[in-house]
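These notes are about the structure you will find just below.
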Amino acid sequence: MVKVREDYLLTSDGEVDIDRWVRQIESLTQVEDAFELRRACEKAERIDQQAVREDRLWAPGASSFRTGLEMAQVLAELRLDQASLIAAILYRSVREERVPLTEIHAEFGDEVARLIGGVLQMAAISTLHHPFQGSVLGQSEGQLDNVRKMLVTMIDDVRVALIKLAERTCAIRAVKNVPADKRMRVAKEVFDIYAPLAHRLGIGHIKWELEDLSFRYLHESAYKKIARLIDEKRLDRESYIRRVLESLTEELEQAGISGEVSGRAKHIYSIWRKMRKKNIDFSEVYDIRAVRILVPELRDCYSALGIVHGLWPHIPNEFDDYIASPKENGYQSLHTAVVGPEGKVMEVQIRTHKMHEEAELGVCSHWIYKGTDKGNRSTGYDAKINWLRQVLEWQEDLGDLSGLDDQRKSEIIADRVYVFTPEGHVVDLPQGATPVDFAYRVHTEVGHACRGARVNGRIVPLTYTLKTGDQVFVLTTNKPAPSRDWLNPSLGYIHSARTRNKVAQWFKLQDRDRNVADGRAILEDELKRLSLHGVAMGKLARKVNFESADDMYAAIGAGDLRPTQVINHAQQLLEPEDARQPLKLVSKRDKPYDTESDIQIQGVGKLKTQVAKCCKPLPGDAIGGYITVGRGVTVHRQDCITFLNLEDVEPNRIIEVSWGGKPESVYPVDIEIEAYDRSGLLRDITQVLTNSKSNVLALNTLTNKDDNIATIVVTVEISSLEQLARLLAHIRNLSNILDVRRKRG
């Protein structure tokens, strides 16, 4: 294990000798600027000393500075870059709020600050104790899946995951002398989350250390029993392995193979797992006696395998070729079990030096080859970083994804967000979910009683879009009753179909009379805002397949029928088809590409257009227009050399054009808005219009100074009543709005 060796790194007065420590790090990995690394150490040390003076240690005798050095040493052994080492040194100081991240950004740059920020986000897993209490696994497998997948969505740089692994490695090393409840919590967390993460990243020696140390605390008696059995035969086993190594070395030399032969370390957890999995006794575990052969070339692996099988008979069904078929984390090696001298079974692993480096360092191994020029990273390095998300997917936990391509696999995770309950459980929700969706995901009754939400300690609107890592607290009422506004898709309270169904079901269970009254109020309000007056409700009900108006109202009140489904039928009753302005979207293209109809000119009406022969743009290309004399507009690709020259020479003749086919059928609508006047009111309204992509033709505003009520009339182009209804709903949600409606005549 890599640790801060105080006998070597401490000065005579008991302080860490930073210069010696930096030299030790330089012997492990490439350091671009030793002065910068030393400066980070000195800052962390000053912060730590200040905390000691102010008695602000996070635990008795704890040192954020020395923990940072230990983390950096773990990363140096993994050959990580300087930014990662500096981030590790300073991480605990930021985590314990002894120094703001903005200060680190100012002193050490964006890259270091971004790495620390990423690890802080992952630290949300550790700060919430509850998910890791209970069973040995800590919680249900479903919850563990959510936690693991949540980590995946948080990581956008492989180094963030590696710094977090180093931090948890230091944590599990240090728990021996902490209270038992904290020791068990850390051990469960490491066992459930971070040892599997190290395995998926292919970092063998970190994975084994995390597994063994967490196993030591989670299954103390089993750990001690196996450790005792290993130790009892240690001298005999070492003598036996020494004789085997001598035989193998001699045979390899005679075959002209430059092999490095050694005994392999025994990992207590892997022995225990094998005993349980195969239901065998300790004496039947083959890799208690284990040998590893490292050779220069791939062909030497199979030659060495032949030598091993020539010396001793191999055991049937105990051979694995992970070179021809690597493990899903990239691990490659030959494994065989043989009956060695004295009839004792032993395991032999054979791999190249490069394979061994990959097995020990996994995704980190490429740092060794990437060089010092960050601007010239090799394709292999970029591919290794892009591979991270594949590696992190925990394939066996997500199900069989072997039939899906890499892009689809990443989409499975990207389409979800993972948030915390106040107790620390992880809840997965669809992308775009709101606090209302979260409330119903926790429990139906919590959803019914939801009246507000706090996200990360801050009050947010119920339309707030949740992000991975958010901690959500639902504010509830004593009288559970969802709002009917939640069912209005224009208002954005609900994203999940599951939530919508639960809300609709609640209204179904209410009294019919109440549903009728509520449905009538909802529909009349919608018709009023759209200026659809004088609708025969009985006829309208039959249009939407209900026998009576009350049945229609009840369906709207119960959430079975949306008001927007009724609106188009209402317009059909009020206006004959031949007199009504078209309110439907244009149909799909049914003819070949045609310049005059397929190129839309922005803001200049109908002009003759032609495609430039120099670049011949096709639909989908980024394009621009050049006004030519007597020939209308010539359309070029935006990267066309001719077009770029024209932009420089005659910029006043360059216009914006876009592919569009025939324009949508639109018609002008006057919208009247009444509101208490305030600063920024007009800006907020125009922002809503911009977001809805509605073309504004005119806007007039008048404010009555006596009552401070502003009346705003805006003329916009609308393609459908549904679009108009959404636009009115978004405007109505603005603060200070009294009324918003479609204006007729």
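Numbers below:
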read-out	value
Cβ-derived FRET efficiency at R0 35 Å, Tyr302 paired with Asp236, nearest 0.05	0.65
Antiparallel bridge percentage (DSSP; both residues within the range 230-363; nearest 5)	70 percent
Projected label distance in nm at Val629 and Arg20, using a 7 Å step from Cα toward the beta-carbon	8.5 nm
Along principal axes, Cα extents of the range 230-363, largest first, whole Å	37, 34, 26
Phi-based couplings in Hz for the range 70-78 (Karplus 6.51, -1.76, 1.60; Gly and Pro marked x)	5, 4, 5, 5, 4, 5, 5, 5, 7
Global size of the range 667-743 as Cα Rg and Dmax, reported in angstrom	11.7, 38
Amide hydrogen neighbours beyond the local backbone of Gly340, cut-off 5 Å, H modeled	Val345, Met346
By average C-beta atoms within 10 angstrom, highest first, the peptides 254-263, 313-322, 104-113	104-113, 254-263, 313-322
Karplus (6.51, -1.76, 1.60) ³J(HN,Hα), θ = phi - 60°, over the range 204-213, in Hz, Gly and Pro reported as x	x, 6, 6, 4, 5, 5, 5, 5, 5, 5
Among 66-74, 716-724, the order from most to least packed when residues are scored by Cβ within 10 Å on average	66-74, 716-724
Highest average packing first - 560-569, 626-635, 431-440, Cβ atoms within 10 Å	431-440, 560-569, 626-635
Residue pairs, from the table Lys43/Lys354; Lys277/Lys344; Lys188/Lys502; Lys182/Lys467; Lys225/Lys354, whose Cα atoms sit over 32 Å apart	Lys43/Lys354; Lys188/Lys502; Lys225/Lys354
Label-to-label distance, nm, for residues given as Lys277 and Lys182 (7 Å Cα→Cβ offset)	3.5 nm
Normalised per residue, the volume of the convex hull around the Cα set of the range 205-282 (Å³)	117 Å³
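Every number in this text was worked out from the coordinates using simple rules, so none of it is lab data. For clarity, every value in this text was computed on a predicted model and none was experimentally measured. Cβ atoms come from the backbone with ideal geometry, glycine included; neighbour counts cover every protein chain shown.
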